[in-house]
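Here's the structure, in structure tokens; my notes come after.
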Amino acid sequence: MSVFLVEYRYRVHNPCTMYTATKPMTFADFSLRKKKVTRTESFLEKVNQIVDFRFAGKLHKRLHRTDRGRKPFETVVMFKIILLQQWFGLSDAEAEELTYDRQSFQKFVGISADTDIPDETTICRFRKALIEHEMDGTFFREVEKQMRQHGVEVTSGKIVDATISEVPKGRKKDDGSSTRDEEASFTKKNGRTYHGYKGHMSTDTKGKFIQACYTSTAKDHDSKHTDQVLDGTEESFFGDSAYISKERKKRMRKEGKLYAVIERAVRGNPLSSSQKKRNRKLSSVRCRGEHPFAEIKKRMKFRLRYCGLRKTSWQFTMVSASYNLKRLIGQICPAQKQALVWCT
């Protein structure tokens, strides 16, 4: 009697023992097995089909100005890894590990069985080169360009809002110094203290696409950097009560534009019933500006990973552009077309 049959009989007649397959798998098991195309794989395939990545190839000479040393990875490959980091909230080490582990990532990046995969140090150096050459703005403008090429129309009105992103408060060392990020600051909201930075952005009135973004330290008031996310061409301006400005209100109404900022009550002067009714009406539009923040923080798992305002600004701009790119794919290929499918 074979060893396999003995083990099979033992496991069948002994229900307390968990059964495990002891038969070795053959090549036919892998070749005939049905494959499940996941949402991630379907999404990444759509990105490769729709997005023109030739712009990344044109940046190669700007990032690698010398031919000395080992031949660098193609800029397109590295740029796609940076995109994966933004979409899935990955660190450098996680990006390297998941690129090794997931076939969908390898297929998206363009890595074959005989191609090397960038390690976390290479990814870190490439990111530093992008920060140094301010490529975050270049990528944001490129996404806007491709959106227009695909016929995506963005409304002329804008919703302005801001979000706080925390960073560690640091700790004191034995020599008296501290590991705290010197450019981050403290602020208080709803009775809670935060330490970090603040991301400002303007979206269209449908809350679908981010039109501009700006990063500041957390202590700055939301309205301080309004002009950084507005360009003066907007026909309407929606915002919460933090963006109240008598000068802007007067100027926009003089130009025949809609100033739709939520009004707030002050001591001794409560809101009238008409003002409350107006606030409810404006809030139904203004609340759409929260949608990009929810997508970025929850689904894309955004959190600040680097110290300093410049690096933080780079990360916030890149994740905003990556969000717009993700929205573009969803606009062209609705979610129903990206559903889970089975193929043999």
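Quick note: the coordinates plus some simple rules give every number you see, no bench work behind them. If you're wondering where the values come from, they're calculated on a predicted model, not measured in any experiment. Neighbour counts run over all protein chains shown; Cβ positions are idealised from the backbone, glycine included.
Helix 135-149 and the longest principal axis of the C-alpha atoms of the chain enclose an angle of approximately 90°. Rounded to the nearest 10 degrees, the inclination of helix 92-101 to the longest alpha-carbon principal axis of the chain is 40 degrees. Within the chain, the percentage of alpha carbon pairs spaced more than 38 angstrom apart rounds to 33%.
With contacts defined as alpha carbon pairs under 8 Å and 6 or more residues apart, what's the relative contact order of the chain in percent? So the answer I get is 21 percent. Only aspartates and glutamates eight or more places from LYS250 in sequence, or on another chain, were considered; those with a Cα closer than 16 Å are ASP227, GLU234, GLU235, GLU263. Averaging Cα coordinates gives a centre for the stretch 98-146 and one for the stretch 249-298; these two points are 40 Å apart. Given LYS208/LYS326; LYS208/LYS298; LYS128/LYS301, which pairs have Cα atoms separated by over 18 Å? Check vs 18 Å cut-off fails for LYS128/LYS301. Each of SER272, LEU98, GLN331 was scored by the projection of its Cα onto the charge dipole of the chain, and the greatest displacement toward the positive side belongs to SER272; charges sit on the C-beta of Lys, Arg, Asp and Glu. Compute the angle between helix 3-13 and the longest alpha-carbon principal axis of the chain, please, reported from 0 to 90 degrees and rounded to the nearest 10. That works out to roughly 60 degrees. Extension gain, ARG310 to LYS107: 0.36 nm times the residue separation minus the Cα-Cα distance gives 69.9 nm.
For the chain, a simple Cβ point-charge model (Lys and Arg +1, Asp and Glu -1, everything else neutral) yields a dipole of about 1440 debye relative to the Cα centre. Compactness of the stretch 40-135 was expressed as the Cα radius of gyration divided by 2.2 N^0.38 Å, which yields 1.05. A straight Cα-to-Cα reach below 16 Å connects LYS297 with the aspartates and glutamates ASP161, GLU166, residues fewer than 8 places away in its own chain not being considered. Place a point 7 Å from Cα of SER284 in the direction of its Cβ. Which residues in the stretch 250-264 have their backbone N less than 14 Å from it? Answer for the stretch 250-264: none.
Within the straight-line cut-off of under 17 Å between alpha carbons, the lysines reachable from LYS246 are LYS224, LYS254, LYS257, sequence neighbours fewer than 8 places apart in one chain being disregarded. Across the stretch 40-135, Cα pairs under 8 Å and at least six residues apart give a relative contact order of 31 percent.
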